[in-house]
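Readers should treat all values here as calculations from the given coordinates under stated rules, not as data from a laboratory. Please read these numbers as outputs of a predicted model, since none were measured by experiment. Cβ placement follows ideal geometry from the backbone for every residue including glycine, while neighbour counts extend to all protein chains displayed.
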Amino acid sequence: MTETAPATRTPAALAALVPVLRDICGEDGVLTDASRRRTYESDGLTHHRSVPGVVVLPTTAEQVAAVVRLCSDRGVPFVPRGAGTGLSAGALPHAEGVLVVTSRMRRIIEIDVDNECAVVEPGVANLDVTRAAAPHGYYYAPDPSSQQVCSVGGNVAENSGGAHCLKYGFTVNHVRGLDIVTPSGELVSLGGRSPDAPGYDLIGAFVGSEGTLGIATRITVNLTRAPQKTVTLLSAFTSMDAGGRAVSSVIAAGVLPSAMEMMDALAIEAAEKAVACDYPQGAAAVLVVELDGPAAEVDAQLAEVVRLCGEAGSFETRTASGPEERARIWKGRKSAFAAVGRISPAYIVQDGVVPRTALPEVLRRITELSESSGIRVANVFHAGDGNLHPLVLFDDTEPGAADRAEEVSGAILDLCIEHGGSITGEHGVGVDKACKMPRMYGPDDLATFDLFRRSFDPDGIANPDKLLPTPRLCGERPGVRRGVHPLVESGRADQF
Amino acid sequence: MTPAEKLQVEGCALRRGTADDAVGTLVPGYVARPADADALARIMAVSGRRGLTVVARGHGTAMDWGGVPRSADLVVDTGGLSWIDHIAGDLVVEVGAGTPVADLFAVLEAAGQRLSVDPVREGGTVGGMVATGVSGPRRLLTGALRDLVIGMTVVRADGVVARSGGRVVKNVAGYDLAKLHTGGLGTLGVIASVAFRLHPLPPALRVVTIPLASRGHAERITAALRATTVVPAAVELHWPSRLPPPPSTDASGATQPTRLPPPPSTDASGATQPTRLPPPPSTDASGATQPTRLPPPPPTDADRTAPAPPSPAVPHHGPCLRVVLEGTPEGLEARTATVLSVLRGAAPREGAAPPGPQVDRELPAGWGLLPSEGTVVRVSVPPAESAEAAEALGALAGRAHGTDAVVTGSVPRGALFVSFAPGAPAGAVADTVAGARSRPGWSATLLRAEPHVHAAGVDPWGEIPGLPLMRAVRDSFDPGRRLAPGRFADGA
Ligand SMILES: Cc1cc2nc3c(=O)[nH]c(=O)nc-3n(C[C@H](O)[C@H](O)[C@H](O)COP(=O)(O)OP(=O)(O)OC[C@H]3O[C@@H](n4cnc5c(N)ncnc54)[C@H](O)[C@@H]3O)c2cc1C
């Protein structure tokens, strides 16, 4: 864990910068007061903490550029931050650096229906784009479950996905244009309303770069036409294997649902306790499948999916097409994380990915791991794309429990890698998984990532110590979370 | 040691370059054919130590894309890196760069799957397709080629083998370097293998071909289509520069609709009088597809299972729009009907009405292919300006110079291609490119230019936003600028 000594004073090197920062961002755009800085000490992965040296709240791209130029001139590190909901400590502040927060850059500059895109500032909340587009019959497709709060700039940095990325893809598939401030403080426009910008696809490489290549200051995203029809289906099985078979046969039948989510018995039990979601009694696994598109296509696919679930051994299948009925099905799934948080004093969430065909095997191995260690694991995951979110439960007051939980959690990631998967499907590497990168990539791969990083940031001042392993960083432990995430608790976010 | 011996590495056939290996006018000293990625890494390392310039080659179908390389000491033929690892249950495939695209497509089709991209060139290798990075018409549902690449192994200029991404669709670990190599024209490294996400083959499709009366007509149709929820896979524009060309007196295009006729003169400079483009692919008389006239009778069960009824091909050589719908037979009935009703509402207001729309059950022959000869300019515009751009570019390219050209491309993506007849004067290309670049938000690059166009000094790239950053990336991966120097705007 990274817990730095409480910083009360702005470090001396930074103190000299403060007057200039005030010139750039105005009096109220610079926070030096220790208690106010402390409110930014962590992002969504709350046990990594570090009080930022100074916080700036710019309102324009020019201000961002001027701040970064200053950092570049003085060799001071900076860390971009959006809404601070990230789950890999990517926005963990630098104690001797400047935290550049985009929360005052919240304008939706344009909803351009003719060109099917929206132009927004980075601090705009994900869901606000959809809200602004909805009256025109459009929405913004990437829908992380933190979408009420998380910023589009943060989504760009993390290449965020959502429950519906199985069909609609991730943030990278929806960004057409980016204005960025590079680590040397230059404001560069890439792409725009016209897709297919000429030259190297820097937009594609910037998306998912976790704030290490600069700061996105204006984003042009695709808007997607709202589907004619959406149907949600809930199917209950007596074993995870049977549920897994249903997933495989749906995919093999050539159906591409917009979402395909699964929960195991422990997750269902927790959800029932928390929100009384009324899932079929005796289910050892439930599968939530959503289909959308032209009504006639959805109807044809629905019949097929219902049939396939039956063949796979489902003992009950419910379908819903009205918004309220659909919400009822989703309720259990959406509450699962928070619910598990309530049945266990502490837990670790993983974000590993396995090839879909390896799901049954990996789930069996997770069960074995859980049984042999005595550590309970609840499985809630994006079955369609093999993105697991196992919740490793433990009691942090029990001596040694945290260590055993971390062992199980690490072993799960190893399983993912062993099966040709990934250590992170959507939460990003940040600080949390930087030290796990060498398990997935070889030294040459990592050196090549670093080569690329340095082409943008030769001085290493943009979000240092994130994404790639550094000696300073590694050897430390991955994250432990206690209770329900504050955002979920306050009803501002669901966690998937 | 002779120079050849110095380049000798294990697992890599080496021979002297010949005129057939020429890159533009440059005959490479050597051609190396590594047997696998390790051998590729060895030859790259050795050529790096010797400071040789290197141009990668698949089947050589796009060696004339981008700027003209200044130097090519060594051509690296990727043909030995030909393998397909298809994990059907995961809808994922990993492929060696030298694998013929046709082989890949055949393997996938046999499994009821596809890589959801329409190639723009016939033949060619997977590595070449990715390095040129251009996406054909069906990109509205599953994205462009770059959206389908989930992992890549690349050999850097110094011979280091670097992998990014992986074999799972959802993965945010590390930088997505494959995006840089997709469309990078082999200037950031030599692609050794690529992993793609796949999609199931749709059970059926419909192609609605709509002859266009005017730009306004095109705009009304595309706006009206946008308002529907029929979710087309493609909305492809075909806009010849000469409106309308004479009816089917042109027999040359009948059998090879997607290939332009060869230049009329053997003059290598290519400065000849222009030739006429063949008619658009779907309308040729080869009889590959059998369009039906619309509106169709109300759907019946019999109709659903019936094979496409034969009907005479109705050639039209003028501008048209093709809407491709993919899905279940049941779903397609309703969606096609929606498209047709939209068309009735957007009927042309000006001039004589063109023939009504046609519905086909197959893609036209040569679907999505760019002409295999002649200069092609890629123009990106805000999608709502696609029809306007086609009209303006057609006028710039064609009428002003008496040249034949055709503007094609995806309307909802504003991704247009201006294809000039072989031998089209450089002035026509220069005017087209300059005209496009003068418009805010438009960009124009030479995808492929004939030698006389390059010789006339037409800038292949123009002012690319972010160019200094791109050069910085180039310098970090290839500090000696040894990979196809000159092909990208590398400012040497
Ligand atoms: C309850 C909960 C549910 C979640 N569900 C999902 C989910 O379903 N799918 C998913 O993908 N994620 C999910 N997340 C993770 C998180 O919400 C996303 O990663 C989100 O995109 C982060 O956005 P943010 O604005 O909060 O970014 P922050 O946390 O502020 O920052 C994240 C990273 O982006 C960088 N950054 C921020 N703004 C910029 C900018 N303008 N330019 C450059 N870099 C920038 C930061 O430096 C940092 O590295 C969830 C988180 C929570 C707490």
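Worth pointing out:
- Among beta bridges that DSSP assigns inside chain A, antiparallel share in %, nearest 5: 85 percent
- A quarter of the convex hull surface defined by the alpha-carbon atoms of segment B:98-234 gives 10.5 nm² as the mean projection.
- Most to least packed among B:4-11, A:440-447, A:195-202 [average Cβ atoms within 10 Å]: A:195-202, A:440-447, B:4-11
- Net length gained if the chain between A:Asp114 and A:Ala226 were fully extended (0.36 nm per residue, minus Cα distance): 38.8 nm
- Legend: distances between Cα atoms for A:Lys334/A:Lys433; A:Lys167/A:Lys229; A:Lys273/A:Lys331; pairs beyond 21 Å are A:Lys334/A:Lys433.
- Ranking A:Tyr200, A:Ala134, A:Val175 by how far each Cα lies toward the positive end of the dipole of segment A:108-225 (charges on Cβ) leaves A:Ala134 at the top.
- The three principal axes of the C-alpha atoms in chain A carry coordinate ranges of 68, 60, 43 Å, sorted with the longest axis first.
- Projecting the Cα atoms of B:His238, B:Val208, A:Leu256 onto the dipole axis of the protein assembly as shown, where Lys and Arg carry +1 and Asp and Glu carry -1 at the beta carbon, places B:His238 farthest toward the positive end.
- For A:Asp112, residues with placed amide H under 5 Å, excluding near neighbours: A:Cys117, A:Ala118, A:Val119
- Peptides ranked, highest mean first, by Cβ atoms within 10 Å: ranges B:417-423, A:153-159: A:153-159, B:417-423
- Cα-based shape type of segment A:108-225, given that a ≥ b ≥ c are square roots of the gyration tensor eigenvalues and the cut on a/c is 1.5: prolate
- Cα-centred dipole magnitude for segment A:330-404, charges only on beta-carbon of K, R (+1) and D, E (-1), debye, nearest 20: 420 debye
- The modelled label-to-label distance for the pair A:Ala13/A:Arg404, using points 7 Å beyond Cα in the direction of Cβ, is 4.4 nm.
- Sequentially through segment A:242-256, phi angles give Karplus couplings (6.51, -1.76, 1.60; θ = phi - 60°) of 5, x, x, 4, 4, 4, 4, 6, 4, 5, 5, 6, x, 8, 10 Hz, Gly and Pro residues having no value and appearing as x.
- Peptide A:202-213, shielding by other chains (average Cβ, 10 Å cutoff): 5
- Extending 7 Å from Cα along the Cβ direction at A:Ala303 and again at B:Arg344 yields two label points whose distance is 2.7 nm.
- Per-q log10 I(q)/I(0), segment A:6-101, q = 0.14, 0.18, 0.20 Å⁻¹ (Debye; single scatterer per alpha-carbon; no solvent): -0.44, -0.73, -0.90
- Here the 3J(HN,Hα) profile of segment B:10-17, calculated from phi with Karplus coefficients 6.51, -1.76 and 1.60 at θ = phi - 60°, is 5, x, 9, 5, 10, 8, 6, x Hz, Gly and Pro shown as x.
- Amide H contacts of B:Gly486 (H built 1.01 Å from N, in plane; Pro and chain starts excluded): B:Arg70 sit under 5 Å, all sequence-distant by 5 or more or on other chains.
- Diffusion constant of the protein assembly as shown at 20 °C, which comes from Stokes-Einstein with the Kirkwood Cα-pair radius and 1.002 mPa s, µm²/s: 73 µm²/s
- Protection-proxy order for peptides B:164-176, A:282-294, B:84-96, each taking the mean of Cβ atoms within 10 Å per residue, highest first: B:164-176, A:282-294, B:84-96
- Cα centroid separation, segment B:21-39 to segment A:350-379 (Å): 48 Å
- For B:85-91, mean number of other protein chain Cβ atoms within 10 Å: 5
- For the pair B:Arg70 and B:Gln8, a Förster radius of 30 Å applied to the C-beta separation gives a FRET efficiency near 0.70, rounded to the nearest 0.05.
- Residues A:His136 and A:Arg22, FRET efficiency given R0 of 51 Å [Cβ-Cβ distance, rounded to 0.05]: 0.80
- Extension reserve of the A:Asp459-A:Leu473 stretch, reckoned as 0.36 nm per residue once the Cα distance is removed: 3.2 nm
- Distance (nanometres) between label positions extended 7 Å along Cα→Cβ at A:Arg364 and A:Arg106: 5.1 nm
- Computed from point charges on the beta carbon alone (+1 for Lys and Arg, -1 for Asp and Glu), the dipole magnitude for segment A:229-338 about its Cα centre is near 180 Debye.
- Counting Cβ atoms of other protein chains within 10 Å of each residue's Cβ and taking the mean over peptide B:456-465 gives 2.
- Those residues of segment A:262-292 whose amide nitrogen sits under 13 Å from the label point placed on A:Ser239, 7 Å along Cα→Cβ: A:284-285
- For a label point 7 Å along the Cα-to-beta-carbon line of A:Ala252, residues of segment B:175-208 with backbone N under 16 Å: B:200-201
- Segment A:Glu325..A:Asp73, full-extension length gain: 85.0 nm, with 0.36 nm per residue of separation and the alpha-carbon distance subtracted.
- Straight-distance crosslink candidates among lysines, where the alpha carbon sits under 16 Å from A:Lys436 and sequence neighbours closer than 8 are dropped: A:Lys466
- Each residue of segment A:34-41 was assigned a 3J(HN,Hα) from its phi angle through the Karplus curve 6.51 cos²θ - 1.76 cosθ + 1.60 (θ = phi - 60°); the sequence is 4, 5, 6, 4, 4, 5, 9, 5 Hz, with glycine and proline shown as x.
- Antiparallel bridge percentage (DSSP; both residues within the protein assembly as shown; nearest 5): 90 percent
- Amide H contacts under 5 Å for A:Met105, placed H, 5+ residues apart: A:Gly123
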